[in-house]
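Visitor: Take this structure first; my questions come after.
The values are calculated or read from the model by the stated rules, or taken from the named source; none is laboratory data. Every value quoted in this text rests on a predicted model; they were computed, and no experiment measured them. All Cβ positions, even for glycine, are placed from backbone atoms using ideal geometry, and neighbour counts span all protein chains on display.
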Ligand SMILES: *Cc1c(COP(=O)(O)O)cnc(C)c1O
């Protein structure tokens, strides 16, 4: 574990660096999920983080790791929304400017919010990979500094600070459920949790369709998958064929990866709202969704579940609460 790109010491350093700039989010026991699972289940309410997701941790650590000269040139990223939002906020907080490139699949509310946070926005292409090409151009031609959404040691170390807070809130935690896309969150959290508590299991959760990290772990190397619309839009995008950090870490540290259908993700969002009184986006609901399916098998408790973000279009949230069929078309296909 000590020869991985990010280790516990890097995450502890990140925690000192970003302290006071990010929120230490609440951790709350869920009565209903504890009863359902027969073991204590705690929710890390990270959707209450500033900018609405954990992405502020990694973005803030990355921006603070730059030299003043690099910060002055500005930062750039491709983003499905939450990283862009976080980087816009982090850059502004440190006197820099972010340019955010994103695909047409990103919902309008996320685009508007990033503009409001003072960033330049560029909408390019129909996939995360095409948006990334524009970032590469800005770096090569205009001298901006790229802050990747996940495949970066400073970003992973920043996301890992969430894992430290979980172990501090629940020292005997046996299982941690973490949303998984590019793997920055899962890699950082797993390194932190296993660094502090080696016997704890860390399970990644993602949507059935377009699960790039799962396909890559199965193939033994980074592979591309087709991008499709999902309730968990923050889990979209590939892991990068030249992945340098998160693939290796997820392969070494994740004990399992579970895939959720659109219907299951919707049930997770409904449970969060109806039972926990929390508004969360689809990507933030996969942990609860997995517990509700009962597909995790014999679950070692206590369990910690990360609610990773809340940046859902409120019209879509209402349709999910009402159980409207239209948005579940992915399951019918
Ligand atoms: C980015 C994001 C994820 C996935 O994080 P990765 O580091 O890409 O695996 C999960 N939930 C939310 C809300 C996100 O914004």
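Visitor: Kindly establish whether residue 95 is within 17 Å of the chain's Cα centre (by Cα) and assigned by TED's automatic domain parsing to the domain that holds residue 129.
Guide: Working: within 17 Å of the chain's Cα centre (by Cα): no; assigned by TED's automatic domain parsing to the domain that holds residue 129: yes.
Spelling it out, it is not the case that residue 95 is within 17 Å of the chain's Cα centre (by Cα) and assigned by TED's automatic domain parsing to the domain that holds residue 129.
Visitor: Now a separate question. Just one of (1) more than 14 Å from the ligand (Cβ to nearest atom); (2) touching a helix residue (DSSP H, G or I) at 6+ places or on another chain (Cβ under 8 Å) trips up residue 19, so point out which.
Guide: (2)
Visitor: Between 104, 73, which is closer than 23 Å to residue 232 by Cα, away from the ligand (no atom under 13 Å from the Cβ) and outside the structural domain of residue 181 (by TED's automatic domain parsing)? Full working, then the answer.
Guide: Details: 73 fails: closer than 23 Å to residue 232 by Cα.
That would be 104, the only listed residue that is closer than 23 Å to residue 232 by Cα, away from the ligand (no atom under 13 Å from the Cβ) and outside the structural domain of residue 181 (by TED's automatic domain parsing).
Visitor: Now for a different question. Sort out which residues of the stretch 132-148 are over 17 Å from residue 240 (Cβ atoms) and touching a helix residue (DSSP H, G or I) at 6+ places or on another chain (Cβ under 7 Å), and write them in order of number.
Guide: 143, 144, 145
Visitor: Another question, if that's okay. Looking only at the stretch 283-305, decide whether some residue is in a loop (DSSP other than H, G, I, E, B) and within 16 Å of the ligand (Cβ to nearest atom). Give the steps one after another, and end with the answer.
Guide: Within the stretch 283-305, the first condition is being in a loop (DSSP other than H, G, I, E, B), and the residues that meet it are 294-302.
Within this subset, residues satisfying the condition of being within 16 Å of the ligand (Cβ to nearest atom) are none.
No: the stretch 283-305 contains no residue that is in a loop (DSSP other than H, G, I, E, B) and within 16 Å of the ligand (Cβ to nearest atom).
Visitor: Let me ask another. Tell me, which helices (runs of 4 or more DSSP H) wholly within the stretch 117-209 include 1 or more residues that are in contact with a strand residue (DSSP E or B) (Cβ under 9 Å, 6 or more places away or on another chain) and under 19 Å from residue 106 (Cβ atoms)?
Guide: Numbers: elements: 128-142, 153-169, 184-196.
Helices (runs of 4 or more DSSP H) meeting the threshold: 128-142, 184-196.
Visitor: I'm trying to understand the selection: among the residues of the stretch 194-222, which are within 16 Å of the ligand (Cβ to nearest atom) and either more than 16 Å from the chain's Cα centre (by Cα) or farther than 18 Å from residue 159 by Cα (or both)? Walk me through it before giving the result.
Guide: Of the stretch 194-222, the ones within 16 Å of the ligand (Cβ to nearest atom) are 202-217, 222.
Scanning the stretch 194-222 gives 207, 208, 209, 210, 211, 212, 214, 215, 216, 217, 222.
Visitor: Tally the residues that are at pLDDT 95 or above, over 19 Å from residue 197 (Cα atoms) and within 16 Å of the ligand (Cβ to nearest atom), restricting the search to the stretch 133-172.
Guide: Going through the stretch 133-172 one residue at a time, the tally reaches 8.
Visitor: Considering each of 253, 299 in turn, give the residue that is at pLDDT 95 or above, within 20 Å of residue 203 (Cα to Cα) and buried (at least 16 other Cβ atoms within 10 Å of the Cβ). Reasoning before the result, please.
Guide: Values: 299 fails: at pLDDT 95 or above.
Just one listed residue meets the conditions, 253.
Visitor: For residue 293, indicate whether it is within 26 Å of residue 225 (Cα to Cα), surrounded by fewer than 17 Cβ atoms within 10 Å (Cβ to Cβ) and modelled with pLDDT of 95 or more.
Guide: Taking the combined requirement at face value, the residue satisfies it.
Visitor: Of all residues in the stretch 259-270, which are surrounded by fewer than 21 Cβ atoms within 10 Å (Cβ to Cβ) and without any contact (Cβ under 8 Å) to a residue 60 or more places away in the chain? Please lay out each step first, then the result.
Guide: Residues of the stretch 259-270 surrounded by fewer than 21 Cβ atoms within 10 Å (Cβ to Cβ): 259, 261, 263, 267, 270.
Listed by number, the residues that qualify are 259, 267, 270.
Visitor: Using the structure shown, decide if residue 64 is more than 16 Å from the ligand (Cβ to nearest atom), in contact with a helix residue (DSSP H, G or I) (Cβ under 7 Å, 6 or more places away or on another chain), within 26 Å of residue 11 (Cα to Cα) and not assigned by TED's automatic domain parsing to the domain that holds residue 192. Explain how you work it out, then say what you get.
Guide: Numbers: more than 16 Å from the ligand (Cβ to nearest atom): yes; in contact with a helix residue (DSSP H, G or I) (Cβ under 7 Å, 6 or more places away or on another chain): yes; within 26 Å of residue 11 (Cα to Cα): yes; not assigned by TED's automatic domain parsing to the domain that holds residue 192: yes.
Against the criterion (more than 16 Å from the ligand (Cβ to nearest atom), in contact with a helix residue (DSSP H, G or I) (Cβ under 7 Å, 6 or more places away or on another chain), within 26 Å of residue 11 (Cα to Cα) and not assigned by TED's automatic domain parsing to the domain that holds residue 192), residue 64 qualifies.
Visitor: Residues to consider are 279, 225; find the one that is free of Cβ contacts under 8 Å to residues at least 40 places away in the same chain, farther than 25 Å from residue 160 by Cβ, within 16 Å of the ligand (Cβ to nearest atom) and not in a strand (DSSP E or B).
Guide: Values: 279 fails: free of Cβ contacts under 8 Å to residues at least 40 places away in the same chain.
Matching residue, one of 279, 225: 225.
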